[in-house]
Each structure stands twice: as structure tokens, then as C-alpha cells.
Amino acid sequence: MRSKGEFVLNMQMGGLLLGGLIWGIIADKYGRIKVLFGSILLYSLANIYNGFVQDVNTYAIIRFISGIGLAGELGAGITLVSESMPKGKRGYGTMIVAGIGVLGAILAYYVSEWFDWRTAYFVGGGMGLLLLLMRVGAFESGLFAHTASQQHVEKGSLKLLFRSKERIVRYIYCLCIGLPIWFVVGVLVTQSPEIGKALGAPVILSAGKGVMFTYLGISIGDFLAGLLAQWLKSRRKVVLICQILIVLTSIAYLTSQGISEERFMWLAFLMGLGVGYWATFVTIAAEQFGTNLRATVATTAPNFVRGALIPSTILYGFLVNQFGIITAAILTLLLLTGIAVFALSQLKESFDKDLNYNEE
């Protein structure tokens, strides 16, 4: 079950990585709205089809296709909102998009408890199609429309992204500030039964409940991070505060000998608050680049950060063999947050930046 499950999950992650590139280029070449509609339709139909699979290989192929679909919506949505709102208030828009979106993971826990797994996929796909109908009245970004009318401007080009050394470094820094997010969710919470055993927990910690409480924290954290950024008029300060909270809460969790299930749930929620700068991270990435590359960056960045969990877990696995599960988790976490803080220090503040420009 573990090996087959990892195969299915890795196929979905591969779809996310490929989809980030595909949708990002389409969004910058042909429009943000087209990506919103196309990505929602693809992952909704794929989820519905997942309810009919009869073997693991078909399951994995459909998860790959679903991953391609899932890759486009967040980046295109954040880009569209960022370009459609006044520069001093666009943080409110991206905060609402991501904060409400994360609540889907909490609902998913209950759906999985209430329904058979096949029915759960039908519910997810059906909700996606309903979302598609709700998005029919959405308008295209005015900034994109202006850029699209300029024939001489190069749009949605990976060559343009990697043509300049400074642009490459800026992009890498954008990716690095998101590194701790998925390590907390994908390792510290998902592997809570093993970590709890190493800490001498009296009961087996529930990874499912831990993920639910973590996502509740992420949702609230997205709202709080957005509000705090508006108050401080700085996204960089908010991300720094979140990095500090991640370290404090994660170490509190990893040093809780004999941890109880109740304490774990609270700490999972608090760690979720810390990694709840997800929307802020994507917004920063979008604001660092011109209109002709913005969607490409905003769409690829979150998916590449998800993919970065793979080398993070490889490093973590190596350290586990050297130092044990608890020390390995602490060392990996400190390394990832250190990289994130350094990358953050190299990026310019983008809170009230004028986005009406193109990369050359």
C-alpha cells in the first residue's frame, strides 16, 4: 500500500510540475481567464473519472492528468486578482482566494469520513464543475489585455524568464521562500504516527486529523497574513514572522516527549498558522515580475515548491539514518527556514508596487 500510494502521489506531483509550465505559458500568451476555465474543467472531469478506476496504473494516470489541471487555478487566480485590484488593496483579494480555497482540504476530511472513496471523488469533481459555472461572469485582466495588444512584447516565454541572470536569481529566491511549507505538511504532520512513536506518545497520533487541523491553521493563517501585510504595508515582514512561528511551533512539537493527541492537534493547528503565508508567497512571486511573465511565475512557483518536497524528503531520509527521526526533522526544518529567510532578504518589497510593466 505504501509503495503504490507513493507511486500515485508522485504521478500527481509530476502532473502539477508539468501543468505549472503549461498553464503559466498559456495564461501569459492567451489570458488568465482561459486558464481558470481550462484547469477547473480538466481537474473536475479527471476527479469524476477517478471514481471509476479499477487498477492502480489507471488510478495513477488519472491523478497525473488531474495534477496538470490542478496546477493552473491558483497561479492564474492570484495573478488575475493582483492585476484587477488597486495596488494598496490587492492583498485582500489574494488573501480571500487562498484562505477560502484551503478550507477545501478540511471539507475533504469529512467527505472521506462520510462517503466511500469513489463517491468522494464524485463530490470533488462535481464541486469543481459547480465552481466553473460560478466563474462564468469573471472578466479578463485589464493589464493583460493591454499587454496582449502590444505585438512587439514577448509573452509567456521560458526563454525570456531564463535569458537574464538577475531574472533567474530573482525567480529562485521566490521559490526558496516557500520551501518550509510543504515540509511541515508533508513530513512533520503526515509522519506524525512515526514521530509520535519516537517521542513516546501514549497513543498513535492520527495523521488524518493532524492534516485537518494543520489546514484549518493554514486557512486562518492566510487571512491573518493578508491582514497583517495590509497593516504593516509589507509582505516581507509577514513572511519573516511566519518563518519564526514555524520554527518555534515545530520545535515545540518535536521536543514534546510523551506528546498527547490533544497537544499534537493544537501544535498542528499552530504550525498551520505558521505556514499560512501560502497566498502571500504566491502574491510576492507574482509581484516580482512584469505582466508578460507574471502568470508563468505565479503558476510555476507554487507547483515547483510542492515538487521541492521530493529533495527535502531525500535529505530528511539521509539524516534520519544518521541522527534519528527527531534530530533529522529539526535539522531539515532549520535548513529550509534558513534558506527561506536568506532568499526573503534578497527580494525587494512589493506591497504597493505598480504592476503595469513588462519584462524585456
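The values are calculated or read from the model by the stated rules, or taken from the named source; none is laboratory data. Nothing here was measured: the structure is a model prediction, and the numbers come from that model. Cβ atoms come from the backbone with ideal geometry, glycine included; neighbour counts cover every protein chain shown.
Could you list, in sequence order, the residues of the range 206-230 that are among the hydroxyl-bearing types (Ser, Thr, Tyr) and out of contact with any Leu (no Cβ under 8 Å at 6 or more places or on another chain)? I'd like the intermediate steps shown before the answer.
Residues of the range 206-230 among the hydroxyl-bearing types (Ser, Thr, Tyr): 206, 214-215, 219.
Result: 206, 214.
(1) farther than 21 Å from residue 33 by Cα; (2) at pLDDT below 85: which one isn't true of residue 293, the others all being true?
(1)
So, of the residues in the range 23-44 that are touching a helix residue (DSSP H, G or I) at 6+ places or on another chain (Cβ under 7 Å) and aliphatic (A, V, I, L, M), which turns out to be surrounded by the most Cβ atoms within 10 Å (Cβ to Cβ)?
That would be 27.
Given (1) closer than 21 Å to residue 122 by Cβ; (2) polar (S, T, N, Q); (3) crowded, with 20+ Cβ neighbours inside 10 Å, identify the lone condition not met by residue 54.
All conditions pass for residue 54, except number (3).
State the number of residues belonging to the range 197-235 that are touching a helix residue (DSSP H, G or I) at 6+ places or on another chain (Cβ under 6 Å) and under 18 Å from residue 91 (Cβ atoms).
11
Just the residues that are farther than 17 Å from residue 191 by Cβ and among the polar types (S, T, N, Q), please, taken from the range 323-344.
337, the sole residue that qualifies.
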